[in-house]
1. Equivalent-ellipsoid semi-axes (√(5λ), Cα gyration tensor) for region 223-279, whole Å, largest first?
2. For MET1, MET24, which order do you get if you count the other beta carbons within 10 Å of each Cβ and list the fewest first?
3. What do you get for GluC sites (Glu not before Pro) in region 76-105 restricted to DSSP loop and a cutoff of at most 14 other Cβ within 10 Å of the site's Cβ?
4. Suppose we take every Cα in the chain and form the convex hull; what volume per residue is that in Å³?
5. May I ask for the distance between the Cα centers of region 119-160 and region 12-90, given as a whole number of Å?
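Laboratory data are not the source of any read-out in this text; all were calculated from the coordinates shown. Worth saying up front: this structure is predicted, and the values here are computed from it rather than measured. Here the Cβ is made from the backbone with ideal geometry for all residues, glycine too, and neighbour counts use every protein chain on show.
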Amino acid sequence: MTYRYIIFADRRFIDKAWLEIRLMLLRSGGCKMVPIPECEVALAFETPLEPARLFPLFEEKQLKYVDAIMPIRDWIANYKIDMSDIEASLAGIAERGKSFKIEVRRIDTDVGLSAKTIEVQLGRKLEAGGFTADLKSPQMRILVALIWNNAIIAADEPRYYNTNIDKFRLFNPVAKESVSRAEFKLIEALEYFRIDPKGMARCIDLGAAPGGWSAVMMRNGSRVVAIDNAALDYEKLSKLGKVEITDAAINAPERWDLLHVKTNVRDLDPAKLDRFGPFDAILVDMNIESDKCAMFVDRFTQLLRAGGVLILTIKLVDERIETHIDKAQGLLTPYFENFKVKKLPHNRMELTMYATKRHG
Ligand SMILES: C[S@@+](CC[C@H](N)C(=O)[O-])C[C@H]1O[C@@H](n2cnc3c(N)ncnc32)[C@H](O)[C@@H]1O
């Protein structure tokens, strides 16, 4: 008996994702790729491992490059443009007494409708057949991936949900109140690394402009020191709390929710922030090479409490991915531990690193 799965990854890292899957399954029966023609962001494979055994393994291994994995339930080649064959397939997959949510991913298709429109069409058909939709907490999630003329249909239960497929809609409109698209990266990092932002009452945000990450933390009730020589979006951030702006001299009043230190990180003496600490987190999303980033972090580490969290974007300025990770980790190891690295759905040519400050 074999099971088929579909995985999603960024097209720049799909080869690495496949290698991760092969290594993960090496001692569990192996796997064989099932080619999806001309697809750079998803691949399918077969393995003897059933979902109840594969998903715990997937959780445990914490793969860097695989965004999501789902069991394939049907694969329709040359699906009909009116989607009647997909509708029929879904009726066979949906289960009575279990609420469902359909998520459509249009990867390459000549169907002119948007993913949302297709979801509504397919969802209504299932509802008309007596199944119950629940968009908030479904008991069954059904994915329809339209890849050229293939419709790959996957389904899983909430206990196996590893990543919300919705996040793959990278064309997600940024909410009106959002400051930047970069916010998604931090939201995903908090979720993926299982960090409770409520435990991060005081944060430093290095390379903060225009302020998306600071906004995420403010919404979670944190007090943020944001450092960047560029301006932040003060209008939006002011709606989240009291914003003060200062320079490297830090002549700031005591009361603020966001303190923007408008300077190059290089020119700020970290000791000047002593009176606002100790901090629970250092967040770094600077658009510079990872070793330079790590050197900046190194200077601010004294402000972080033991066990405090570091979230750092590792820019992949060239193909030497492991070198960029190693360089940052090597520089940070004297003060940090519990390193994890993940290519999050909203990372582009970058990865996100997590670590915590050593005790003692
Ligand atoms: C990708 S943006 C950060 C986006 C931000 N996290 C958000 O959510 O809106 C990178 C920022 O790093 C800042 N940066 C890079 N090098 C810096 C330095 N040496 N000092 C201060 N800011 C720096 C840039 O000015 C830029 O605003």
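1. Values: eigenvalues 63, 38, 15 Å².
Ellipsoid semi-axes (Å, largest first): 18, 14, 9.
2. Working: MET1 4, MET24 20.
Least crowded to most crowded, the residues run MET1, MET24.
3. In loop regions of region 76-105 (DSSP not H, G, I, E or B), the sparsely surrounded GluC sites (Glu not before Pro) are GLU95.
4. Values: hull volume 54.2 nm³, N = 360.
Output value, Cα hull per residue: 151 Å³.
5. 17
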